[in-house]
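Novice: The structure's right below; bear with me while I get my questions together.
Where a number appears in this text, it was derived from the coordinates with a stated rule and is not lab data. Since we're looking at a predicted model, the values are computed, not measured. All Cβ positions, glycine included, derive from the backbone under ideal geometry; neighbour counts span all protein chains shown.
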Amino acid sequence: MRPRHQPDGLPFRVYARVGKEKFSIGFKSENGTWLFRLSCPVHDEVQIAELRKEASLRAISMLTAKPTELIDDLISDWFSWQYALPLTSIRRRADSTLKENESEAKRLRVVFGHMPVRDFQRVDAYEYLDLAEQQNRPSKGNKEMSLLQLILERAVRKGMIAANPLIDLEKLPTVANQKYVSDDDLSLAREVGKRLGPSQQIVALALQTAYLCVRRSVEVRDLTRDGLTDEGIVWVSGKTAKRNAKLQVLIEWSPDLRAVIDEALAVDRGRELTGPFIFGTLRGERCTKGGWKSVLKVLMDACAAEAEARGVAFERFSLQDLRPKGVSDKLEDGAEDVLDATLHTSERMVRQVYDRRRTRSAKPVR
């Protein structure tokens with residue numbers, strides 16, 4: 001970094017800018033990228049002084065901290081530890097969960113990555129949650145703080161901090177998801193998907209399969225031809241069971257399920273298959289999360305337009321919404337195999353999370 005043209009009393013790599021409307025001050029990394037920036041109205045002299053002080057203290061703390069003491073490095077260390085654990089370890093999270101955690105960690109790195117672990121305080125978490133509430137993402141904010149709590153516990157184990165500041169953190173209130181996909185909406189998606197083309201048809205059939213087999217989205221997208229047997233479809237749990245082997249369930253063939261899978265296998269993909277995934281790309285390879293969302297959006301947009309043309313109601317839905325619909329419909333029909341079908345061991349979990357029935361029926365005492 002070259003010397004300053006005029007000494008301004010700020011620490012190394014801390015730069016201030018006075019604009020017409022805004023004063024800003026921040027700290028740059030060695031490659032010239034901003035590690036953090038603070039700003040306030042240019043006419044607020046009191047706040048400008050406070051920001052200069054805060055930026056200076058934060059920069060000095062970062063300059064004197066060892067690289068391994070930054071939250072960004074702690075996050076990387078936690079993921080390295082998780083992926084190094086044996087697949088059979090009860091402490092290791094499922095691969096699907098870790099991928100979701102990596103997505104959540106991106107925001108944590110942006111906001112807190114530059115901070116030394118020892119400087120992180122409980123108030124920082126509450127400020128983060130307040131911002132999440134303002135952005136109308138309370139559930140995401142809660143999940144991100146839960147992940148950071150786990151990561152900071154590793155700092156406690158390594159002796160970097162004496163206590164975890166996020167223990168018993170008060171989370172944001174949230175409203176439980178009660179979305180229930182109607183039969184008409186699901187039927188319309190299958191009809192429109194078949195008309196649009198092979199990519200949307202595959203997604204529509206995946207939605208129908210998730211409903212019929214009460215499966216998680218990752219399980220449906222990961223289904224390969226090896227899972228098809230004469231008796232039905234063998235599904236492997238997308239979650240790591242706390243035992244030596246993952247749980248499996250055989251969903252037996254029904255006329256509807258057989259028809260859906262046969263149609264998926266018969267889709268004219270227009271190219272050579274190079275992968276085994278039934279609900280993957282046109283080449284049969286695993287569909288990325290971004291690719292899946294893109295195709296699903298096209299399908300949902302077309303369904304909404306078709307519903308408007310017909311003068312009927314339509315509510316957009318995703319692959320994740322079909323498992324609750326399947327569980328709700330099985331419970332409504334009086335099925336006794338819901339726990340086996342979902343591979344859950346807790347009826348409370350099924351009732352609390354997946355049961356979306358609007359009305360219930362019961363017999364009198366006598």
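Novice: Taking the chain as the reference, fit the longest principal axis to its C-alpha atoms, fit the long axis of helix 95-112 to the helix C-alpha atoms, and give the angle between the two in degrees, 0 to 90, nearest 10.
Specialist: Between helix and principal axis, roughly 30 degrees.
Novice: A further question follows. Would you calculate the separation in nanometres between label points at LYS179 and THR33, each defined as 7 Å from the Cα along the Cα-to-beta-carbon direction?
Specialist: Between LYS179 and THR33, the label points sit 3.3 nm apart.
Novice: So for the chain, taking the charge dipole from beta-carbon charges (+1 Lys/Arg, -1 Asp/Glu), which of SER29, SER346, LEU322 sits furthest toward the positive end?
Specialist: Comparing the listed Cα positions along the dipole, SER29 ranks first.
Novice: Of the trypsin sites (Lys or Arg not before Pro) in segment 72-121, which ones lie in a loop per DSSP and count no more than 11 other C-beta atoms within 10 Å?
Specialist: ARG91
Novice: Take the Cβ-Cβ distance between GLU272 and GLN248 as r, set R0 to 22 Å, and report the resulting FRET efficiency rounded to the nearest 0.05.
Specialist: In this case the efficiency is close to 0.10.
Novice: Using θ = phi - 60° and the Karplus relation 6.51 cos²θ - 1.76 cosθ + 1.60, list the HN-Hα couplings for segment 156-170 in order, rounded to whole Hz, with x at every Gly or Pro.
Specialist: Result, ordered by residue: 5, 4, 8, x, 7, 9, 7, 8, 7, x, 9, 4, 6, 5, 6 Hz.
Novice: Checking the table LYS22/LYS297; LYS143/LYS325; LYS143/LYS194; LYS106/LYS293 against a 30 Å threshold on Cα-Cα, which pairs fail?
Specialist: Exceeds cut-off: LYS22/LYS297; LYS143/LYS194.
Novice: Now, a different point. In deg cm²/dmol, rounded to 500, what helix-only [θ] at 222 nm does the chain give when every DSSP H run of at least 4 residues adds -39500 (n - 2.57) and the total is split over its residues?
Specialist: Mean residue ellipticity at 222 nm (helix-derived): -15000 deg cm²/dmol.
Novice: Here's another thing I want to ask about it. Segment 5-83: which GluC sites (Glu not before Pro) are DSSP loop and have at most 14 other beta-carbon atoms within 10 angstrom?
Specialist: GLU21, GLU30
Novice: By how many nm would the segment from VAL42 to ASP256 grow when fully extended, if each residue of separation counts as 0.36 nm and the alpha-carbon distance is taken off?
Specialist: Gain on stretching VAL42 to ASP256: 70.4 nm.
Novice: For the chain, calculate the relative contact order in percent as a whole number, restricting contacts to Cα pairs under 8 Å that are 6 or more residues apart.
Specialist: Value for the chain: 13 percent.
Novice: Quick check for me: using +1 on Lys/Arg Cβ and -1 on Asp/Glu Cβ, what's the dipole size of the chain about its Cα centre, in debye to the nearest 20?
Specialist: It works out to roughly 900 debye.
Novice: Another one. Tell me, HIS114, HIS43 in order of fewest to most beta-carbon neighbours within 10 Å?
Specialist: Neighbour counts put them in this order, fewest first: HIS43, HIS114.
Novice: Please arrange GLU263, GLU252 by how many other C-beta atoms lie within 10 Å of their C-beta, fewest to most.
Specialist: If I rank by nearby Cβ atoms, fewest first, I get GLU252, GLU263.
Novice: Would you mind checking the tilt of helix 255-265 against the longest principal axis of the Cα atoms of the chain, expressed as 0 to 90 degrees and rounded to 10?
Specialist: Once rounded, one gets 60 degrees.
Novice: Still on this model: Would you order SER199, SER103 from fewest to most other beta-carbon atoms within 10 Å of each residue's own beta-carbon?
Specialist: With the fewest neighbours first, SER199, SER103 line up as SER103, SER199.
Novice: Ok, one more. Taking H as built 1.01 Å from N, whose amide H comes closer than 5 Å to the amide H of LEU38, not counting residues under 5 places away?
Specialist: ILE25, GLY26
Novice: Considering only LEU299, GLN248, PRO364, whose Cα is most displaced toward the positive end of the charge dipole of the chain, charges sitting on Cβ of Lys, Arg (+1) and Asp, Glu (-1)?
Specialist: Farthest towards the positive pole: GLN248.
Novice: Still on this structure, I have one more. Which value, in debye to the nearest 20, gives the size of the charge dipole of segment 14-64 about its Cα centre, when Lys and Arg are +1 and Asp and Glu are -1 at the Cβ?
Specialist: 140
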